[in-house]
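S.K.: Once you've had a glance at the structure underneath, I'll fire off some questions.
The values are calculated or read from the model by the stated rules, or taken from the named source; none is laboratory data. All figures in this text were calculated on a predicted structure; none of them were measured in a lab. Note that we place each Cβ from the backbone using ideal geometry, even for glycine, and neighbour counts take in every protein chain shown.
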Amino acid sequence: MSVYLKDIPLEQAKTTFSDTLREVGLWDVLGTEMILLDENSVGRVLTEPVWAKISSPHYHASAMDGFAVHSTETIGAQPSTPIILKIDSSARYLDTGDPLPDGFDAVIPIENTEALDSKNNQAQDIRKPASIRVRASVAPWSHVRPLGEDFIATQLVLPAGHILRPFDLGAIAASGHATVRVSRKPKVAILPTGSELVPIGSELKIGDILEYNSLVLAAQVNAMGAEAKRFSITRDNFEEICLRTIEAAKDFDLILLNAGSSAGAEDFSSRAIEQLGQLLVHGVAVRPGHPVILGTIHCGQNGEIGTDRVVPIVGVPGYPVSAALTVEIFVEPIIARWLGRPALELPIVRANITRKIVSPPGDDDYVRVVMGRVDDKLLAAPLSRGAGVISSLVKADGLVIVPRGEQGVESGQPVTVNMYRSMSEVEKTIFCIGSHDMTLDLLSQSLAKHKRRFVSSNVGSQGGLLAIARHDAHLAGSHLLDSETGEFNVAYIQQYLPGIPIRLIAFVRRDQGLMVKKGNPLKIKQLGDIMRKDVKFINRQRGSGTRVLLDYHLKQDGLATESIRGYDEEEYTHLGIAAAISSGRADTGLGIPAAAIALDLDFIPLFTERYDLVVPHQYINSVLLEPFFDVINGVEFKNSVSALPGYDVVEMGKVIADIN
């Protein structure tokens with residue numbers, strides 16, 4: 001009888017699955033094979049130890065071009081009292097790697113000898129003299145590779161469970177082997193399902209979703225050492241999903257059934273698993289990844305159901321981040337067992353979280369973060385939490401796992417980060433926290449050419465100043481308008497950063513205005529139109545410079561915020577505002593023209609503002625930020641920004657003020 005365990009704890013789900021696989025003999029190496037030792041052997045896992053069949057080297061070998069000698073015959077040789085050794089009886093020429101002749105026990109490099117002819121004059125051919133003159137004694141076995149220096153026959157070369165690296169292949173060959181026994185690669189079938197899915201490269205219609213999950217999952221599985229096959233898309237039809245699952249169960253060791261995002265897609269997967277085998281887990285208390293399904297399919301080689309062959313199956317959620325993390329959490333340990341290697345353990349570091357995280361108390365919460373070092377603090381800035389935001393995995397330097405039972409992490413609290421990226425890359429990271437601007441992506445690209453990572457976290461202008469105050473950022477982008485003076489940023493820096501010496505640097509002047517759908521169907525022309533009852537507005541978050549700019553002009557025009565539909569609905573970036581309008585969530589919102597053009601919207605210019613960079617004095621002359629200043633003062637970057645609509649770079653790089 002099937003067991004439904006809705007939203008069970010992560011460790012319980014993993015234990016349930018592993019115990020079931022252990023009971024049916026699927027918690028160990030699936031099989032072995034003997035393969036030819038060649039360059040394709042890299043990455044394979046040894047299933048038995050490699051013992052040296054021969055010694056390496058298997059004879060005493062010269063380590064230099066020179067002359068084999070009897071070390072005792074060189075005793076007493078000095079620059080003022082050299083010793084002459086006759087060729088054949090007392091010295092013999094050897095090339096590097098030549099066997100050491102019997103009775104000889106040392107080699108003198110050719111450059112430490114003087115070649116003589118039969119009359120004790122300098123020989124014409126230094127490799128074929130009649131004798132040699134030496135002016136220093138040599139110790140026994142000098143410049144000789146003795147037999148077995150690398151390996152001695154019967155010595156362990158590599159243990160079972162070792163993942164072969166390029167130089168391992170040389171060691172195996174040197175120890176006398178031409179083949180190795182390795183674990184068979186598990187075969188993994190990836191079955192994408194969903195009537196809304198279309199193949200990569202399709203011309204998209206409203207409601208279509210590109211099917212790229214299988215591409216990501218297959219790449220993950222292959223990188224883990226298994227062999228993935230992507231099946232074609234199966235529409236949301238119970239019978240078709242069952243037939244495709246049976247087909248995969250004939251030839252594959254593991255099935256990943258990737259559910260679509262439509263209503264009922266998860267139910268199709270669970271019903272299919274229940275009908276074809278055993279449903280073990282349906283719902284795991286982990287975010288992202290709640291709707292994970294774990295089970296087994298029971299069939300034979302010909303596809304008949306209910307026979308002795310058992311194939312594990314994982315119902316993978318449809319959202320990209322959930323799907324990718326499900327493979328990391330549940331699939332990687334299985335593949336590791338089947339290959340006979342240790343499960344992957346990411347390196348961990350301790351860092352301080354840059355802003356508060358709120359987590360559901362009953363779930364293990366996997367939070368993607370970007371990393372950087374500011375002063376002596378290693379920082380972790382949370383990325384977007386959405387299960388469909390695959391870009392958060394692209395940007396992520398690591399994962400912070402908030403255990404179930406904890407309701408989040410306070411800003412500044414130390415956390416453990418499971419690292420995706422090396423610390424050497426993190427140490428080259430320039431941390432920018434503050435207001436969003438699309439030119440920051442161009443800046444990131446330009447700095448990459450200078451071996452710097454530029455990481456920007458969009459928390460609004462005021463949030464950026466607070467990050468500077470906490471020493472959580474190297475710089476901040478800000479465009480805060482002072483309602484009293486009409487000046488940008490200076491008053492706010494004085495308010496939020498007292499006692500911290502700051503250099504305010506001009507970056508861009510940019511247009512701000514209302515974004516509307518193509519063709520402007522509601523005929524919006526001016527700021528006052530957002531007061532209309534038929535207009536749905538979308539706002540930026542509190543503390544953002546755009547929100548401050550809006551409030552300033554609303555006050556100037558005597559317009560009440562309470563009359564604006566959607567004033568309290570917020571987005572964190574200009575592109576977020578544009579996406580909300582493009583998707584129909586809102587009719588208009590304040591933003592920049594580059595964001596409007598990116599999503600094919602119309603733009604109604606209203607204001608011009610100054611977007612500045614706030615940089616603490618302590619970083620002005622730092623090695624880390626040196627390329628940053630070179631870039632923003634360079635012609636190439638200014639030209640790339642000027643090519644975007646609505647930007648003026650005339651003052652870019654100019655020092656506006658040194659404050660405090």
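S.K.: Return a yes/no flag: does segment 430-452 have any residue that is buried (at least 17 other Cβ atoms within 10 Å of the Cβ), among the basic types (Lys, Arg) and in contact with a helix residue (DSSP H, G or I) (Cβ under 6 Å, 6 or more places away or on another chain).
M.R.: Scanning segment 430-452, I find at least one residue that is buried (at least 17 other Cβ atoms within 10 Å of the Cβ), among the basic types (Lys, Arg) and in contact with a helix residue (DSSP H, G or I) (Cβ under 6 Å, 6 or more places away or on another chain), so the answer is yes.
S.K.: Then there's this: Which residue out of ASP7, ASP38 is at pLDDT 95 or above, under 33 Å from the mean Cα position of the chain (by Cα) and more than 17 Å from LEU339 (Cα to Cα)? Explain how you work it out, then say what you get.
M.R.: Working: ASP7 fails: at pLDDT 95 or above.
Result: ASP38 is the single residue among ASP7, ASP38 that is at pLDDT 95 or above, under 33 Å from the mean Cα position of the chain (by Cα) and more than 17 Å from LEU339 (Cα to Cα).
S.K.: Answer yes or no as to whether VAL374 is in contact with a Phe, Trp or Tyr (Cβ under 6 Å, 6 or more places away or on another chain), surrounded by 20 or more Cβ atoms within 10 Å (Cβ to Cβ) and farther than 26 Å from LYS185 by Cβ.
M.R.: Considered against the rule, which asks whether it is in contact with a Phe, Trp or Tyr (Cβ under 6 Å, 6 or more places away or on another chain), surrounded by 20 or more Cβ atoms within 10 Å (Cβ to Cβ) and farther than 26 Å from LYS185 by Cβ, VAL374 comes out as yes.
S.K.: Within segment 546-563, is even one residue surrounded by 15 or more Cβ atoms within 10 Å (Cβ to Cβ), hydrophobic (A, V, I, L, M, F, W, C) and touching a residue at least 60 places away in the same chain (Cβ under 8 Å)?
M.R.: Scanning segment 546-563 turns up at least one residue that is surrounded by 15 or more Cβ atoms within 10 Å (Cβ to Cβ), hydrophobic (A, V, I, L, M, F, W, C) and touching a residue at least 60 places away in the same chain (Cβ under 8 Å).
S.K.: Going through segment 87-101 one residue at a time, which ones are assigned to a loop (DSSP other than H, G, I, E, B) and either farther than 28 Å from LYS119 by Cα or not assigned by TED's automatic domain parsing to the domain that holds LEU116 (or both)? Spell out the reasoning first.
M.R.: Within segment 87-101, the subset assigned to a loop (DSSP other than H, G, I, E, B) is 88-90, 95-98, 100-101.
Hits for segment 87-101 are THR96, GLY97, ASP98.
S.K.: Just to verify a result, which residue in segment 615-639, among those that are within 30 Å of the chain's Cα centre (by Cα) and of a type in the set (A, V, I, L, M), is surrounded by the fewest Cβ atoms within 10 Å (Cβ to Cβ)?
M.R.: VAL623
S.K.: Residue pairs, Cβ under 6 Å, 6 or more apart or interchain, first in segment 126-146 and assigned by TED's automatic domain parsing to the domain that holds GLU114, second surrounded by 15 or more Cβ atoms within 10 Å (Cβ to Cβ) and hydroxyl-bearing (Ser, Thr, Tyr). List them.
M.R.: Partner pairs satisfying both residue conditions: ARG127/TYR93; ILE132/THR113; VAL134/THR74; VAL134/THR113; SER137/THR74; VAL138/SER71; VAL138/THR74; PRO140/SER71.
S.K.: Name the one entry in ASP267, ASP236 that is under 23 Å from ILE8 (Cα atoms), outside the structural domain of GLY43 (by TED's automatic domain parsing) and of a type outside the set (A, V, I, L, M, F, W, C).
M.R.: Details: ASP236 fails: under 23 Å from ILE8 (Cα atoms).
Result of the check over ASP267, ASP236: ASP267.
S.K.: Do we have any residue at all in segment 540-549 that's assigned to a loop (DSSP other than H, G, I, E, B), at pLDDT 95 or above, out of contact with any Leu (no Cβ under 7 Å at 6 or more places or on another chain) and in the same structural domain as SER642 (by TED's automatic domain parsing)?
M.R.: no
S.K.: Let me ask another. Only one residue in ASN458, ASN520 is of a type outside the set (Lys, Arg), closer than 26 Å to ASP568 by Cβ and touching a strand residue (DSSP E or B) at 6+ places or on another chain (Cβ under 7 Å), so which one is that? Can you show your working first?
M.R.: Numbers: ASN458 fails: touching a strand residue (DSSP E or B) at 6+ places or on another chain (Cβ under 7 Å).
None of the others qualify; the one that does is ASN520.
S.K.: Follow-up question, since we're still on this one. Assigned to a loop (DSSP other than H, G, I, E, B), at negative phi and in the same structural domain as ILE126 (by TED's automatic domain parsing), is that true of THR81?
M.R.: Details: assigned to a loop (DSSP other than H, G, I, E, B): yes; at negative phi: yes; in the same structural domain as ILE126 (by TED's automatic domain parsing): yes.
So THR81 fits the description; yes.
S.K.: While we're here: Of the residues that sit in segment 640-651 and are over 18 Å from ILE502 (Cβ atoms) and assigned to a loop (DSSP other than H, G, I, E, B), which one is farthest from the chain's Cα centre (by Cα)? Break it down into steps so the answer makes sense when it comes.
M.R.: Just the residues of segment 640-651 that are over 18 Å from ILE502 (Cβ atoms), to begin with: 640-650.
Filter once more, so that each one left must be assigned to a loop (DSSP other than H, G, I, E, B): 643-646, 649-650.
Values: ALA643: 31, LEU644: 30, PRO645: 32, GLY646: 34, VAL649: 33, VAL650: 37 Å.
Filtering segment 640-651 for residues that are over 18 Å from ILE502 (Cβ atoms) and assigned to a loop (DSSP other than H, G, I, E, B), the one farthest from the chain's Cα centre (by Cα) comes out as VAL650.
S.K.: Only one residue in SER269, SER261 is closer than 18 Å to LYS6 by Cβ, small (Gly, Ala, Ser) and at pLDDT below 90, so which one is that? Walk me through it before giving the result.
M.R.: Details: SER261 fails: closer than 18 Å to LYS6 by Cβ.
None of the others qualify; the one that does is SER269.
S.K.: Another one. Based on what the data block shows, is GLY576 part of a loop (DSSP other than H, G, I, E, B), at pLDDT below 95 and surrounded by fewer than 23 Cβ atoms within 10 Å (Cβ to Cβ)? Working first, answer last.
M.R.: Values: part of a loop (DSSP other than H, G, I, E, B): no; at pLDDT below 95: yes; surrounded by fewer than 23 Cβ atoms within 10 Å (Cβ to Cβ): yes.
Criteria not met by GLY576.
S.K.: Select from segment 182-213 the residues that are in a loop (DSSP other than H, G, I, E, B) and in contact (Cβ under 8 Å) with a residue 60 or more places away in the chain and write down the one among them that is nearest to VAL311 (Cα to Cα). Walk me through it before giving the result.
M.R.: First pass over segment 182-213, keeping only residues in a loop (DSSP other than H, G, I, E, B): 184-186, 194-196, 199-208, 211-212.
Right, trim to in contact (Cβ under 8 Å) with a residue 60 or more places away in the chain and you get 184-186, 194-196, 212.
On the way: ARG184: 16, LYS185: 15, PRO186: 12, GLY194: 22, SER195: 26, GLU196: 28, TYR212: 24 Å.
Checked segment 182-213; the qualifying residue nearest to VAL311 (Cα to Cα) is PRO186.
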